[in-house]
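Notes to accompany the following structure.
Readers should treat all values here as calculations from the given coordinates under stated rules, not as data from a laboratory. Since the model is a prediction, treat every value here as computed from it, not as a measurement. Neighbour counts are summed over all protein chains in view; Cβ atoms, including those assigned to glycine, are modelled from backbone coordinates with ideal geometry.
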Amino acid sequence: MVALASSASLAGGGDQVFHLTAHGSQTTGVSRLSSIPRGHCMQCHPTRQTPTPGTPTLFTANDNGLCFTCHVSAGTSQVYAGQTAFVSASHATATTMRWPGPVPAARPAGDSGKCVNCHTPHGARDGQGLVPNLEFFREEALCLACHDGSGPASTNIAAEVTKVRAHPVTTIAGVHRTNEGTVSASFGTASRHAECSDCHNPHAARAGAVLSGTTRVQVTNGAAGTVPAYTALPASNTTAVKEYELCFKCHSSWTTRPAGQTDLAMVFNPANESFHPVEGPGRNVTSTMSNSLDGGTGLPHLSTNSVITCADCHNNDAMPRNVSLVSTYTGAVPSGPHGSTVTTPSSGALLRAPYRATLKPRSTTNDFTLEEFSLCFICHASGPFRTTSSGTRIDTSFRYHGMHLNSINTKGSGAGDINTPGAGMGNAICRECHFNTHGTRGAVVSGNQTYAKGVNFSPNIQGPGGVGQPQWTPGSCRLRCHGQNHSPENY
Ligand code: HEC
Ligand code: HEC
Ligand code: HEC
Ligand code: HEC
Ligand code: HEC
Ligand code: HEC
Ligand code: HEC
Ligand code: HEC
Ligand code: HEC
């Protein structure tokens, strides 16, 4: 760990930190007694302190009541939402919540839930200078001191954010600002980052409401395919947090996203033709859809009325696959889109289970496995896909699903890359016909953006005869793929 300026050097008078902090400022710092200058030690200590750790003399007991003397209401950024909000947070109520040490020293049992487990009233300094917000350590280093598997927190988030695919918590430093939350430019282009405090408020998070008190972006949707109107909500907003509102802070057109990333607020608009039901229930209310949802590995089985979250697909790879809605999960695996080991040939988009994204080679044996698309089978029956029969079924409206996944392995000779126009090779993968998983308004083939049923083709699928765009209408496809012309093929 980084060396910190100690309180001992502080009390010795030569320290350069306290007077730089919000507490030590002579113009805006602590002021409880008008007889003593602002920002003076004696606003809190009635007598001069011995420059050694021990039992300091303070104007009141050394507990949160001391801090609440001046911090009963919200801080300037409203990230600290005041005494009432804090006392119901996990960090206030957990009897195990105390600094583990060794630097600064571990706190005794009676100190659980105190502000001083994360903050020092005197300020701290590390190799980069003053640590912001009177914290002991900056950014994730503070959180991971306790959430690293060695206690006191029960969840090891350190192991998550260092997985091969992860939010860039540990890889981008020095960009996060406490007061940035409602400013869209804070999250785009050169400012792009994701710290623990961008997604959690340590003064408000609690079991069952881990996103409580975060800044987020509410949407008011318009017509299909349009960008919604945005309202940025401050940390002090106490309405229930919808997870996607948090994600839209960085993954929607409210801010500037990296090239190629979809505007997810536009794609998930429930007025669209087809989408995974994140903002509201989906539009496919057929019995085949309900039968598909009735056969997933995850419980409870979903229905055509279900609403799911981003984290139901983007989560820890250790999240058990017999769980459909992760918000109902109470086991020991840390839930959240922190990190995942799932990577090529699967998509590496921080997924909780594999979802093959690279095309398959031609093969003399059928190389289909349930595992390579297991993300989808958490919620959808796998029956239609593992069969080689093209007979009609009650759990799919596309009876050729199994054929495409199992028995076209010797077809094609063209492009081996799903992003390259060409004939393709081997058995099909879901992504060739459902390229954008989120919704068809995110289709790369412009003519597919108004399609229903999740159908939107990948760049390697061509128009009929290799000309123009691939087309679908319910029951019929006009396209060329894996060397096969469909002009049309009906089902
Ligand atoms: C905002 C109130 C506040 C101000 C201002 C303040 N202190 Fe403290 N001080 C505390 C609290 C609270 C503790 C106990 C901290 C703990 O339990 O970790 C403390 C503890 C100490 C200790 C004991 C060692 C330690 O770190 O626990 C010393 C020494 C000390 N303060 C010196 C000073 C000096 C010198 C100044 C001015 C340069 C100062 N303090 C300003 C609140 C304050
Ligand atoms: C005597 C009044 C007083 C006491 C007691 C006090 N504070 Fe403060 N605190 C202030 C003032 C004034 C500021 C600066 C204005 C603001 O941010 O609200 C401040 C700011 C802060 C900040 C924001 C720092 C920043 O860089 O913006 C934190 C964090 C903080 N205090 C934590 C604590 C904790 C923890 C305690 C108890 C150990 C405590 N304070 C006790 C008056 C006090
Ligand atoms: C689990 C660690 C943790 C605990 C416990 C904690 N804080 Fe904080 N606090 C933080 C972090 C981290 C930040 C900076 C958040 C950010 O950058 O978004 C912060 C920021 C603040 C701020 C400045 C933000 C603002 O709204 O202006 C204040 C004031 C504050 N804390 C006061 C307190 C007080 C008072 C307590 C106890 C009643 C407390 N904190 C307990 C971690 C903690
Ligand atoms: C001093 C130790 C400590 C620090 C520092 C700390 N936490 Fe915690 N945190 C805990 C404990 C203990 C719990 C209670 C639940 C548990 O044991 O896992 C908790 C709970 C939480 C929860 C709610 C989950 C639940 O089930 O209660 C979230 C979210 C969280 N912490 C995030 C953070 C973030 C973000 C930071 C840094 C800003 C942070 N923590 C810093 C110890 C800590
Ligand atoms: C504070 C900003 C921020 C927030 C909030 C945020 N993300 Fe991210 N996310 C990022 C950054 C930065 C990356 C790295 C790639 C990039 O710049 O988009 C990323 C990457 C991802 C990726 C991987 C994308 C890929 O191409 O591999 C997924 C999936 C993702 N985030 C999902 C989510 C979900 C789900 C939420 C809401 C629970 C969320 N994010 C909230 C900033 C954020
Ligand atoms: C039904 C599962 C599912 C849900 C729900 C879902 N995603 Fe995804 N997401 C995926 C898959 C699969 C990929 C990668 C394959 C692809 O590109 O289609 C992906 C890719 C991404 C990417 C990188 C590519 C891109 O489109 O920009 C981001 C960022 C992302 N998701 C964020 C989110 C956010 C935020 C939410 C919620 C608002 C969400 N996802 C909901 C399955 C899902
Ligand atoms: C991109 C946003 C994002 C970032 C960054 C992020 N988290 Fe989370 N975290 C979430 C979401 C969303 C959940 C809740 C998932 C769910 O619905 O179960 C969560 C859940 C948690 C939980 C509760 C886990 C459980 O199973 O009880 C803890 C603790 C936690 N996060 C701590 C952290 C810490 C510490 C960091 C930084 C090292 C961090 N998070 C970074 C979004 C994020
Ligand atoms: C060759 C193209 C193609 C491939 C490959 C494909 N699908 Fe489909 N899928 C379709 C078509 C076309 C429909 C729409 C059927 C209708 O309603 O007319 C569909 C519909 C669906 C539906 C809606 C329910 C249903 O079955 O009617 C789900 C769920 C689905 N597909 C999942 C998948 C999964 C998971 C994969 C990969 C394991 C996959 N699909 C691969 C073409 C494909
Ligand atoms: C967490 C659960 C969940 C996961 C995981 C999931 N889906 Fe879905 N999916 C649903 C639900 C719920 C619906 C029903 C929406 C409706 O009724 O319109 C749905 C509908 C669909 C549809 C039909 C959309 C329409 O408008 O008719 C397709 C296609 C589809 N999913 C493909 C996939 C693929 C491919 C995967 C794997 C990448 C996947 N799903 C993973 C829950 C999930």
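Calculated FRET efficiency, Ala209 to Thr231, Cβ-Cβ distance, R0 = 30 Å: about 0.90 to the nearest 0.05.
Subtracting the Cα-Cα distance of Gln26 and Asp417 from their residue separation scaled by 0.36 nm leaves 134.4 nm.
What do you get for Rg/Rh of segment 279-491 when both radii come from the Cα atoms and Rh is the Kirkwood radius? All intermediate terms of the calculation are to be shown ahead of the outcome.
Numbers: Rg = 17.0 Å, Rh = 17.7 Å.
Result for segment 279-491 is an Rg/Rh of 0.96.
Take every Cα pair under 8 Å whose residues are at least 6 apart in sequence, average their separation, divide by the length of segment 279-491, and the relative contact order is 15 percent. Output the direction-averaged projected area (hull surface divided by four) of the convex hull of the alpha-carbon atoms of the chain, in nm². So the mean shadow area of the Cα hull is 24.8 nm².
Assuming 0.36 nm per residue, please report the length gained on full extension of the stretch Ala173 to Ala223 beyond their Cα-Cα distance. Spell out each step's value before the answer.
Numbers: separation 50, 0.36 × 50 = 18.00 nm, distance 3.90 nm.
14.1 nm is the gain from fully extending Ala173 to Ala223.
Between Ser154 and Thr392, the distance separating the two model label sites (each 7 Å from Cα on the Cα→Cβ line) works out to 5.0 nm.
If you place +1 on the Cβ of every Lys and Arg and -1 on the Cβ of every Asp and Glu, how big does the dipole about the Cα centre of the chain come out, in debye to the nearest 20?
Values: 32 positive and 27 negative charges, 77 e Å.
For the chain, the charge dipole is close to 360 debye.
Provide the percentage of antiparallel DSSP beta bridges, counting only those with both residues in segment 279-491; round to the nearest 5. Write down the numbers at each step before the final one.
On the way: 11 of 13 bridges.
Roughly 85 percent of the DSSP beta bridges within segment 279-491 come out antiparallel.
Using 1/(1 + (r/R0)^6) with R0 = 22 angstrom and r between the beta carbons of Val285 and Tyr491, what's the FRET efficiency to the nearest 0.05?
Once rounded, the FRET efficiency stands at 0.60.
Modelled label positions at Val103 and Ser446, each set 7 Å beyond Cα in the direction of Cβ, lie 6.0 nm from each other. Annotation: amide H-H contacts under 5 Å for Asp126 (H modelled 1.01 Å from N, sequence separation of 5 or more, or interchain): Val131. Remark: relative contact order (the chain) = 9 percent; criterion is Cα-Cα distance under 8 angstrom and separation of 6 or more residues. Taking a point 7 Å from the Cα of Arg399 along the Cα-to-Cβ direction, the residues of segment 461-476 with backbone N closer than 16 Å to it are 475-476.
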